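Heads up: the structure comes next, in C-alpha cells.
Every read-out reported here was derived from the displayed coordinates using simple, explicitly stated rules and does not represent laboratory data. These numbers were taken from a predicted model, which means no experiment stands behind them. Note that each Cβ is placed from the backbone with ideal geometry, even for glycine, and that neighbours are counted across all protein chains shown.
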Amino acid sequence: MKKSLTTLLVFITLFTARADEGMWLPLLLGKQVYADMVKHGLKLTSEQLYSVNKSSIKDAIVIFGGGCTGEIVSNEGLIFTNHHCGYAAITDASTIEHNYLKDGFWAYDKSQEIPAKGLSVQFLLRIEDVTAKFDSVLNGLSGTERSQKQAALIAGINAQYSDPSKNIEARVSPLFKNNQFLVFIYQRYTDIRLVGAPPESVGKFGGDTDNWEWPRHTGDFSVFRIYASKDGSPSDYTAGNIPLKPKYFLPVSIKGFKDGDFAMIFGYPGSTNRYETSYGIRLATDINNPSLVGLRDIRLKAMFTQMKNDPAVKLQLASSYAGIANYWKFYDGETKQLLKYHIYEQKQQDEQKFMQWAKGSPEFENIFSEWPKAYDAWRPYAKQRVYLFEGILGSPLAKFAGTLMKLENDMLKQGADAAVVKKDIEAATEARKKFLADENRVSDQQILAATCEMFYNDIDKNQHPIGFYEGIKSSSGDLKDPATYKKWSTAVFSNTMIFSDAKWEAFARSPDAVALQNDPAFAYSSAFIKSYLNKYEPLYQQFVSKNDELGRLYLKGIMQMYPGKKMYPDATFTMRTSYGNVKSYSPRDAVKYEYLSTMKGVMEKYIPGDYEFDLPEKLVELVKKRDFGQYIDKRVNDLVVCFITNNDITGGNSGSPVIDGNGNLIGLAFDGNYEALSHKLAFDKDLNRTICVDVRYVLWCIDKLGGAANIIKELKLVKQ
Ligand code: ARG
C-alpha cells in the first residue's frame with residue numbers, strides 16, 4: 001500500500017512540477033510559473049526578478065569561485081556566501097600565528113580586508129536562446145558526428161559572444177539533455193577580498209557529523225568584497241582598486257518569518273539528473289557510489305589522523321579534506337535513500353509507461369531496448385574507472401606524477417622539440433612547488449599503499465595494468481599481504497625525484513624520458529592511466545555518447561508525451577530560481593521536525609574542546625548574558641540559527657540567498673537534508689528540504705561576536 005502510494009506520488013512529481021520542485025530559468029519563467037509564485041506569496045513583478053534593461057534581483061547574484069553562489073548586500077560590493085564556500089580563501093589567508101580558520105577574521109575597515117588570490121566572481125549579464133543555430137546544423141545527425149559538430153558549435157558561439165578585453169565570458173549550456181541551447185554571458189571580477197568569517201567552530205559547527213542533516217546549528221557564512229578599477233571595470237588586484245558599485249543589492253530583513261511563509265532562492269545549482277534511467281540508478285547503487293565511498297573512507301581516515309594532531313597540517317589539508325568528506329557522506333546517503341525509496345522500481349515504471357506511449361513511433365520505440373545494451377557493455381569496467389579516479393589518483397603524489405605524462409609525451413615525440421620540453425619542465429617545476437606546499441607525506445604514503453592494495457584486491461585481474469603488480473611482488477613481497485604495499489609505498493616516497501630538490505633539479509637541467517619513466521611515482525601513476533586510456537576510456541566514451549543520445553531522445557519524447565506541461569531543465573550550473581515555503585517536515589513516522597533551530601540547540605550540542613562541537617568562549621558568554629540585540633526572534637524569544645524551506649536546490653547553490661516575498665534577504669542556503677539525499681536523481685516532494693542559516697544569526701555573529709559594526713552599517717536593514 002505504502003509503496004504504491006509513494007510510487008504514484010513520485011511519478012506525478014517527476015512529470016508535473018509542483019510548487020517546491022523545480023529549478024527555473026529566471027529568463028524563461030513564463031506566465032504559469034510566475035503566477036504560481038505569486039500564489040505562493042511573491043509580491044514582486046517578474047521584471048524585478050529578471051530584467052535585461054533594468055536592474056533586478058538577478059544582478060545581485062554571483063557565481064562565487066568555481067562552485068558556489070554569492071549575493072551582493074551593499075552598495076559597496078559586499079558579498080555574503082557560505083563559510084564552506086570561502087573556506088579555501090580563509091585557510092589560504094591563515095597561518096598558525098594568524099589562524100583565521102580557527103579564530104575567525106573581521107576587517108574593521110577596508111584597509112584590513114585581505115586579497116583572496118585566485119578567487120573570482122562572475123555576474124550574469126544576459127541569456128540568449130541559440131537553439132535555432134544548433135537545430136539547423138544538427139538536425140538528422142547522431143552519434144559521434146553529432147557530438148563533434150555540437151562541440152564545435154558551442155566553441156564557436158562561446159568565442160563569438162565573449163570579449164576577453166572586458167573579462168566577458170560566454171558559455172553555452174545545453175538544457176533538457178541537449179534539446180535546448182542557451183548562451184549565458186558573464187563578466188568576471190578578479191579582485192576579491194576577505195572581509196569577515198566566523199571562527200570555524202561557528203562556521204562549521206557540527207562538522208561532518210551534522211553535515212547534510214537537519215536539525216542543524218551552523219553559522220555557515222563568510223563575507224567578501226568585490227573590487228574594481230575606478231571606472232567599475234574588472235581588474236586584477238591593485239592597491240588603487242575601489243569597491244564595486246553594483247547594479248543591485250539585496251536589502252536584509254531582520255523581521256523574521258513563520259512556518260509556511262514564502263521563500264525563493266536564486267543561485268547556481270550544479271547538476272541534477274532527474275530523468276536518470278533505472279539502469280543508471282542500479283549502476284550508482286551497485287557500483288559507482290559504494291566504490292567511491294569505500295575509497296574516500298580510507299583516504300579521509302589517513303588525512304584526519306594527521307590533521308587532528310597538528311594544527312599546521314590541519315590548515316594545510318582542511319580544504320581538500322572538506323571537499324572529499326562532503327561528497328563521501330553525500331554518495332553514501334544517496335545510495336541509502338535510492339534503495340529506501342525504491343527509486344529503481346519507480347524509474348522502471350516510468351519507463352514502462354513511456355514504452356507504452358512510444359509504441360509504433362520509429363523515433364522513440366527502441367530507446368529502452370538499446371539502453372540496457374549500452375549499460376551491459378560498460379558495467380564490467382565501471383568499478384575500475386572509479387578505482388582509478390577515486391583510488392589510485394586519490395593519492396596526491398600519484399595525481400601530481402600523472403600530470404607529468406604530457407612532458408613524457410613531448411620528450412618521446414619524433415624529433416622532440418626542445419623549446420616545448422623546456423616549457424613543460426618550467427610548468428612542471430611550478431606545479432611541483434604548489435604540490436609540495438599542499439603535500440602531507442605521512443597521510444599520502446598511507447593512501448598510496450592502501451589504494452594500490454584495494455585496486456589489486458577489488459578489481460578484476462585482467463583489468464590490472466599489465467606487469468605492474470608482478471613488479472611490486474618481486475620488489476616488495478606477497479601481494480596478499482598489506483605489509484607489501486606499505487613497503488612498496490615507503491620505497492616510492494623515498495626514491496621519487498618529486499620529493500628531492502637535488503634530483504628534480506638534475507632532471508630539469510637535462511630532461512630525459514627514461515629517467516622519468518624510471519621514477520617510481522611516475523611509473524606507478526602512468527601505468528594505471530595508460531592502461532585506462534588505451535583500453536577503457538574508448539569504451540567509456542562510447543557509453544557516454546550512447547547514453548547522451550538516448551537521453552536526448554527520451555526527454556524529447558517525454559515533452560511530447562505531456563504537451564503543455566511546464567517543465568524545468570536539469571541543473572547545469574546556470575542561474576536558476578526555486579520557490580516554495582519555509583516548512584517543517586516529518587522525517588519518519590511519529591517524528592516532526594520544526595522549521596527552525598535556535599541558540600538553545602547550539603548550547604545543547606556544545607561539547608567544550610570537541611573537534612566538531614566546540615564553541616568560541618565569547619559566544620558562550622554572549623549567550624549567557626542573552627545579548628541578542630535587535631537580532632532576537634520575539635516569538636521564540638531566542639536567536640534563530642537555522643531554518644528549512646522546501647526549495648529545490650543542489651550543490652552549487654551553496655551561499656545562495658533565501659529571499660522573502662518582498663525581495664529581502666532572510667537567509668543563506670547551505671545544505672540539503674539527509675532524508676532527501678537522492679534529490680539529484682529523484683525529487684521527493686514530502687521530504688526534500690533546503691537548510692539555511694538565518695540572516696539574523698549571520699548579523700549577530702558579525703556584530704556581537706565579531707564586533708564588526710562597520711559591516712552592519714553598510715547593509716540596508718528592513719526592520720518592519
Ligand atoms: N553539505 C554542504 C554542501 O554541499 C557542505 C557543508 C560543509 N560542511 C561540512 N561539515 N562539510 O553545500
| task | Calculate I(q)/I(0) for the chain by the Debye formula, one identical point scatterer on each C-alpha and no solvent, and give its log10 at q = 0.05, 0.06 Å⁻¹ to two decimals. | result | -0.26, -0.38
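Provide the gained length on full extension for the span ALA437 to VAL636, in nm with one decimal, where the gain is 0.36 nm per separating residue minus the Cα-Cα distance.
Details: separation 199, 0.36 × 199 = 71.64 nm, distance 4.81 nm.
Full-extension gain reported as 66.8 nm.
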| task | Could you pull the Cα extents of the range 638-683 along its three principal axes, largest to smallest, in whole Å? | result | 33, 25, 16
| R0 of 30 Å, Cβ-Cβ distance VAL137-MET559: FRET efficiency to nearest 0.05 | 0.90
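Between THR144 and ILE466, what is 0.36 nm times their sequence separation minus the Cα-Cα distance? Round to one decimal in nm. Intermediate results must be reported in sequence, preceding the final value.
Working: separation 322, 0.36 × 322 = 115.92 nm, distance 3.00 nm.
Between THR144 and ILE466, full extension yields an extra 112.9 nm.
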| note | For the chain, cysteines with no other Cys Cβ under 4.7 Å from their own Cβ are listed as CYS452, CYS642, CYS692, CYS701
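Where a ≥ b ≥ c are the square roots of the eigenvalues of the C-alpha gyration tensor, would you call the range 260-332 rounded, which needs a/c under 1.5, or, failing that, prolate if a/b is larger than b/c, or oblate?
On the way: a/c = 3.39, a/b = 1.37, b/c = 2.48.
Here the range 260-332 falls in the oblate category.
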| note | Distance in Å, no decimals, from the C-alpha centre of the range 97-112 to the one of the range 295-355 is 32
| query | With θ set to phi - 60° and the Karplus curve 6.51 cos²θ - 1.76 cosθ + 1.60, what are the ³J(HN,Hα) couplings of the range 43-51 in order, to the nearest whole Hz, using x for Gly and Pro? | reply | 10, 9, 7, 5, 4, 6, 7, 8, 9
| note | Karplus-derived 3J(HN,Hα) from phi for the range 516-522 (6.51 cos²θ - 1.76 cosθ + 1.60, θ = phi - 60°), whole Hz, x at Gly and Pro, runs 5, 4, 7, 5, x, 5, 5
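Between LYS535 and LEU339, take the C-beta separation as r, use R0 = 35 Å, and let me know the FRET efficiency to the nearest 0.05. Let's see the in-between values first.
Values: r = 32 Å, r/R0 = 0.91.
Step by step, r from the Cβ atoms, then E = 0.65.
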| remark: Computed Rg/Rh for the range 448-494 (Cα atoms; Rh = Kirkwood radius) stands at 0.93
| task | Return the long-range amide H neighbours of LEU175 (sequence gap of 5 or more, or a different chain), with a cut-off of under 5 Å between placed amide H atoms. | result | GLN180, PHE181, LEU182
| request: Run down the aspartates and glutamates and flag those whose C-alpha is under 13 Å from the C-alpha of LYS245, throwing out any fewer than 8 positions away in its chain. | output: ASP59, GLU76, ASP231, GLU714
| message | Using amide H atoms built in the peptide plane, which far-off residues or other-chain residues are under 5 Å from TYR186 H to H? | response | LEU125, GLU169, ALA170, ARG171
| note | For LYS486, counting only lysines whose alpha-carbon sits under 27 Å away and dropping same-chain residues fewer than eight positions off, the answer is LYS301, LYS308, LYS314, LYS383, LYS399, LYS433, LYS434, LYS461, LYS473, LYS503, LYS530
| Local net charge near LEU29, Cβ-Cβ under 13 Å (Lys/Arg +1, Asp/Glu -1) | +2
| query | Long-range amide H contacts for PHE105: which residues qualify at under 5 Å (H placed 1.01 Å from N, peptide plane, sequence gap of 5 or more or a different chain)? | reply | ALA197
| task | Enumerate the calculated ³J(HN,Hα) couplings along the range 100-112 in order (Karplus 6.51 cos²θ - 1.76 cosθ + 1.60, θ = phi - 60°), each rounded to whole Hz, writing x wherever the residue is Gly or Pro. | result | 5, 5, 6, 9, x, 8, 9, 8, 8, 8, 5, 5, 8
| Gain in length, ASN158 to LYS406, computed as 0.36 nm per residue apart minus the alpha-carbon separation, to one decimal in nm? | 86.6 nm
| field | Cα centroid separation - the range 658-686 against the range 529-566, whole Å | value | 28
| said: Suppose R0 equals 35 Å. What FRET efficiency, 1/(1 + (r/R0)^6) with r the Cβ-Cβ distance, do ASP286 and LYS487 give to the nearest 0.05? | reply: 0.55
| note | Reduced to Cα centres, the span from the range 132-200 to the range 387-466 in Å works out to 30
| message | Need the list of lysines near LYS624 for cross-linking: C-alpha distance under 21 angstrom, and skip anything on the same chain fewer than eight residues off. | response | LYS600, LYS605, LYS634, LYS704
